[in-house]
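Input: a single structure, listed below in structure tokens.
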Amino acid sequence: MTVFEKIFVHKNAVDSKVALRLKELNLNFEVVSEEPLQDKKGELSASEFDKSKKQLYVKKFEGQFFKRCPGAKPGLTCCNYFVLNLGQQCDMNCSYCYLQSFINSPLLTIYSNVDDSIAELEKMKQSMANDKFRIGTGEVIDSLSLDDLTLYSHDLIEFFKTVPNWQLEFKTKSDKVDHFLHLGPAKNVIVSWSLNPEFIVSSEEHGTASLANRLIAAKKCIDAGFKIAFHIDPVIWHENWKENYLGLVDQITKQFKPSDMPYISLGALRFQPEQRHIMKQRFGMKSLVNTAELFSSADGKLRYDQKLRQHMFDTIISAFKERDSKWNIFLCMEQPETWLAANKSLPKQTDGLESLFDHNLIRKHKKFSEIQS
Amino acid sequence: MKHALNSLLNYTWPKHAGGVTWNQHTIAGAEPYKELSDKLSIEELLTDLFDTLNFSQFSILYNWANECSLEIDWNKLCQHYNLRWSEILKETIQAYLETPIEFQNWCFNKKLSARDLAPLLILENKDNTVLKLFSTLTPSKSEGTQLLDLICDLVSMGVKNLFPETEDTKKWFKKLYKLRHPQSTATDSQFSDKITAWPWPKDFNTDWKRTGDKSFIDISFKVENQNDFDKKLSQLNYVKDWANTNSPTWDQPKDNQ
């Protein structure tokens, strides 16, 4: 389990399941009546950001748990993904992590009131149970790296079993699945992993599970009756990229079948320009991410040259399709022209991907939210 | 003799006004000095006398206060100057103060902000001789911030030979850019050589260009009338067919990329 240097629990969360679990695990915490370290809130220095991963704060969340994926921006071909935020920050340490430009708190926060998040979903369920929502919990926090502490997977899996048309996705770089396998089968629960060749995992994804262990965990989930998915993201160019990514494709296709997973997503390295400073301070100029040759793109993010991205995507997609044409692969946060070059069609015209890109659901949810407020 | 704070900040003080001190610290002007009441807080005094300060000046103020061992409520002071007192601001100030004075002079003149100077934070040794060139070559603020970004990256990557060959800052930028982007520069150059060799009609202007993450052939030609239009499009079609036959993968990066 992750070791924290300091744990704070707000007094309104002292009787929560998470706080009780901390006591069960003999993890000492300080009860506070207001958020600690508020004077440190704002743009964090590199060392403050490092420290924030070691200081846990458990509190009640007063806002809206359920939202559209914040990655969706004009000019990009985006899927209809929604997120359920049950905390903020991550205890792992990837050099390219976008949280470095997003987090302004010196604390890793877990929201204690998971029951309120489920109540929010229950409300939606009353009028939208038949709509095909895809909901992930790993947007601003790893879905499972702290789940052995929170056990939120239990609450969520039990709820989603009551809404078979909705999909729950846990997105993780950990191998922590043993504590919820007994709750399977649950075919609408997808346990997904961000994957990269082991060379990249070792050099850029610090504190995460090895590629081999992630794949073992994925196998366990299939055997327990869950669906899985993989996100080969971010694809990072390096000298032997082709050999390494083709090796990754081999490892996946030898151990898994297309029917094990509804999709694989693919995305190349990208981040907001202001993030580059903290990345360089924290990981230095030996990191492949910091020495990458990147350019400003239409959505403002720094990305590889578009032709290079295309080439990397084409290589990986072709490798999958050569092994089995049924592999369903989509691009994450890419422009329409990149889609067209890779797939010869946009996602709404691509077999197996149409439902993932049906934006009617987004419009319907927007209307629902407006009525609720 | 210690300089008055206003002269360190390059803040003009009226000649006819006398100098002022506060708690024996020389704040502004010259003799004869008047000692201001110490009932006035140092923060109030500073914001009254120096209503606006850019980042360079604020850094000098910070340095001066430390040298005088003055206890200042930096949170309060920062609010007046639209800054947020934080660890990262302090680190940026310290990094800036370690750079050569010639570089600091350029930053002062161009009114660089803390954000513009963020690249300095990765430099192990801020007192880098390359930075001295900013005051002699005087790049614009926009050019200079881009040059700074490249220099800090290249120094940290251990790349040598960063000095410019001439005083032309645009050429210097090109040199540093090539050092920082060797592969994409080489690829763009290869694309450029490839398309230059195509059988373009003589009155077509063609160039390989890059805008952000996209690189492309830029083609321009004049059209005088409909016949001319048909002729030019037919010529363009000829070039397209020639490229498809003789250079079918022209738009793809080489395999080792």
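The values are calculated or read from the model by the stated rules, or taken from the named source; none is laboratory data. Keep in mind it's a predicted model, so treat the numbers as computed, not measured. Note: ideal-geometry Cβ built from the backbone for every residue, glycine included; neighbour counts use all protein chains shown. Heads up: the accessible areas ignore ligands, DNA and RNA and are worked out on the full protein's heavy atoms, side chains in. Shrake-Rupley method; radii C 1.70, N 1.55, O 1.52, S 1.80 Å.
Each residue in segment B:32-43 was checked for being open to solvent by less than 90 Å² (accessible area, probe 1.4 Å) and out of contact with any strand residue (DSSP E or B) (no Cβ under 9 Å at 6 or more places or on another chain), and 2 of them qualify. Filtered by the rule that a residue be buried (at least 18 other Cβ atoms within 10 Å of the Cβ) and at pLDDT below 70, segment A:307-337 gives A:333, A:335. Take residue B:217 and decide whether it is more than 30 Å from residue A:279 (Cα to Cα), at pLDDT 95 or above and either open to solvent by less than 40 Å² (accessible area, probe 1.4 Å) or within 14 Å of another protein chain (Cβ to nearest Cβ) (or both). Yes; evaluated as a whole, the condition is true for this residue. Restricting attention to segment A:239-255, the residues that are open to solvent by less than 10 Å² (accessible area, probe 1.4 Å) and more than 11 Å from every other protein chain (Cβ to nearest Cβ) add up to 4.
Conditions (1) among the small types (Gly, Ala, Ser); (2) more than 14 Å from chain A (Cβ to nearest Cβ), marked per residue:
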| position | (1), (2) |
| --- | --- |
| B:49 | no, yes |
| B:55 | no, yes |
| B:71 | no, yes |
| B:75 | no, no |
| B:78 | no, no |
| B:89 | no, no |
| B:95 | yes, no |
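Given the structure, is residue B:5 aliphatic (A, V, I, L, M) and under 24 Å from residue B:117 (Cβ atoms)? So residue B:5 fits the description; yes.
The set of residues in segment A:133-159 that are surrounded by fewer than 22 Cβ atoms within 10 Å (Cβ to Cβ), modelled with pLDDT of 95 or more and in contact with a Phe, Trp or Tyr (Cβ under 7 Å, 6 or more places away or on another chain) comprises A:154, A:157.
Out of B:253, B:199, one residue alone is away from chain A (no Cβ under 14 Å) and touching a helix residue (DSSP H, G or I) at 6+ places or on another chain (Cβ under 9 Å). It is B:199.
Of the listed requirements (1) in a helix (DSSP H, G or I); (2) open to solvent by 80 Å² or more (accessible area, probe 1.4 Å); (3) at pLDDT 95 or above, residue B:235 misses just one: (2).
Of all residues in segment A:201-214, those satisfying the criterion of being touching a strand residue (DSSP E or B) at 6+ places or on another chain (Cβ under 8 Å) and either assigned to a helix (DSSP H, G or I) or polar (S, T, N, Q) (or both) are A:204, A:208, A:211, A:214.
The rows are residues; the columns are (1) among the acidic types (Asp, Glu); (2) within 39 Å of the chain's Cα centre (by Cα); (3) on the phi > 0 side of the Ramachandran plot.
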residue	(1), (2), (3)
B:190	no, yes, no
B:193	yes, yes, no
B:197	no, yes, no
B:212	no, yes, yes
B:218	yes, yes, no
B:231	no, no, no
B:239	no, no, no
B:247	no, no, no
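Every listed requirement among (1) touching an Asp or Glu at 6+ places or on another chain (Cβ under 6 Å); (2) more than 10 Å from chain A (Cβ to nearest Cβ) is met by residue B:125 save one, (1). Among the residues of segment B:60-115, those that are in a loop (DSSP other than H, G, I, E, B) and open to solvent by 40 Å² or more (accessible area, probe 1.4 Å) comprise B:69, B:71, B:73, B:82, B:83, B:84, B:85, B:98, B:111, B:113, B:115. Of the helices (runs of 4 or more DSSP H) lying entirely inside segment A:114-200, those carrying at least 2 residues that are of a type in the set (S, T, N, Q) are A:114-128. Residues being within 14 Å of chain B (Cβ to nearest Cβ) and open to solvent by less than 40 Å² (accessible area, probe 1.4 Å) are entirely absent from segment A:258-266. Of everything in segment A:283-300 that's surrounded by 21 or more Cβ atoms within 10 Å (Cβ to Cβ) and in contact with a strand residue (DSSP E or B) (Cβ under 7 Å, 6 or more places away or on another chain), which residue is nearest to the other protein chains (Cβ to nearest Cβ)? My answer is A:297.
When you scan segment A:178-197, do you find a residue that is touching a helix residue (DSSP H, G or I) at 6+ places or on another chain (Cβ under 7 Å), over 25 Å from residue A:134 (Cα atoms) and not β-branched (Val, Ile, Thr), even just one? Yes - at least one qualifying residue is present in segment A:178-197.
If the condition is being assigned to a helix (DSSP H, G or I) and within 20 Å of the chain's Cα centre (by Cα), then segment A:220-264 contributes A:220, A:221, A:222, A:248, A:252, A:260.
Against the list (1) part of a loop (DSSP other than H, G, I, E, B); (2) away from chain B (no Cβ under 14 Å), the condition residue A:58 fails is (1). The requirement of being in contact (Cβ under 8 Å) with a residue 24 or more places away in the chain and either surrounded by fewer than 16 Cβ atoms within 10 Å (Cβ to Cβ) or assigned to a strand (DSSP E or B) (or both) is fulfilled nowhere in segment B:222-231; no residue meets it. Remark: residue B:185 falls outside the filter, which requires a residue to be without any contact (Cβ under 8 Å) to a residue 24 or more places away in the chain, open to solvent by less than 70 Å² (accessible area, probe 1.4 Å) and not in a helix (DSSP H, G or I).
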